[in-house]
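Below is one structure, written out as structure tokens, with a few remarks after it.
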Amino acid sequence: MNREEDGGDEVVCLDESFFINDDYQLTTFTFGSQVLHLFCLQSASTDFDLTGQLVWPGAMLMNDYLSKNPDVLQASSILELGSGVGVTGILCSRFCREVLLTDHNEEVLKILKKNIEHHTSSENPNSDAGLAVAKLEWGNSDQINKIIQKYPEQFLRLKGRGQCKFILAYVSRAKSMDSMVLNEATRHGLLINEIVGTRSVVGNLEGVIFEVTLK
């Protein structure tokens, strides 16, 4: 915390430590037959990008879909962007070969690593899937190159048009944002289709699963 005086008025500048809450609670999440016990917060500060300390509705929607459709993960190696506390990446490890979970915030990376250690040591010690963590800020070429060097084939393989797909768990917060997401996908050459039967209510918000394909 820094204090500055400007013309007699005192200005207080708060650093990141003021906003950090690490009073994590061990929380149980159930997705179909899969049960996860993870440390997380119930709320987090949006300052200093600490929102990865909690589990968001989009992750609940995604995990519900994956637990019902584990075949989409079979024999896969997964690179997860923005893993937060790891609720989706750890669930994926129940069905696939290996998972690399990434985040860019140092505080979030601490709880992510703690959850992976908890999972591998007490919950699922005989899991076949490998779980690893790496720091990755989207667009940071140095961090991307480190991952490419360490995992040259397992995670990063460029596929041709029409073959590159990903799943988007989308939770609606505003109708104007709904149309913006669809329009932006089209503008960037993506084909976005709603997966039939995936519309549901998460908390008090409507969610849906989209399959997104590079045209």
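The values are calculated or read from the model by the stated rules, or taken from the named source; none is laboratory data. The structure presented is a predicted model; accordingly, all values stated were derived computationally and were not measured. Ideal geometry is used to build each Cβ from the backbone, glycine not excepted, and the neighbour counts take in all protein chains shown. SASA here: full protein model, heavy atoms, side chains in, ligands and nucleic acids out. Shrake-Rupley method; radii C 1.70, N 1.55, O 1.52, S 1.80 Å.
Of E211, E98, which has the most accessible area and how do the rest follow, probe 1.4 Å?
Largest accessible area first, the list is E211, E98.
Along the Cα→Cβ direction, 7 angstrom out, place labels at K150 and D71. What is the inter-label distance in nm?
Simple spin-label model gives 3.4 nm for this pair.
What does the net charge come to around C92 if you take all other residues with beta carbon closer than 11 Å to its beta carbon, with K and R at +1 and D and E at -1?
With Lys, Arg at +1 and Asp, Glu at -1, the net is 0.
What does the net charge come to around G82 if you take all other residues with beta carbon closer than 11 Å to its beta carbon, with K and R at +1 and D and E at -1?
Around G82, the charge tally is -4.
Return the lysines within reach of K135: Cα separation strictly under 23 angstrom, same-chain partners fewer than 8 residues apart disregarded; answer none if there are no such residues.
Partners found: K110, K113, K114, K146, K150.
What figure in square angstrom, to the nearest 10, would you give for the accessible area of R97 with a 1.4 Å probe?
Result for R97: roughly 140 Å² accessible.
Ignoring ligands, DNA and RNA, how do M177, M62 rank by accessible area with a 1.4 Å probe, largest first?
Output order, biggest surface exposure first: M177, M62.
Check G130: other-chain or 5+ apart residues with amide H under 5 Å from its amide H, H built from backbone geometry?
Sorted by chain and number, the residues that satisfy this are E98, V99.
Any idea how far apart S179 and K215 come out in nm if each label point goes 7 Å out from Cα toward Cβ?
Using points 7 Å along Cα→Cβ, the separation is 2.0 nm.
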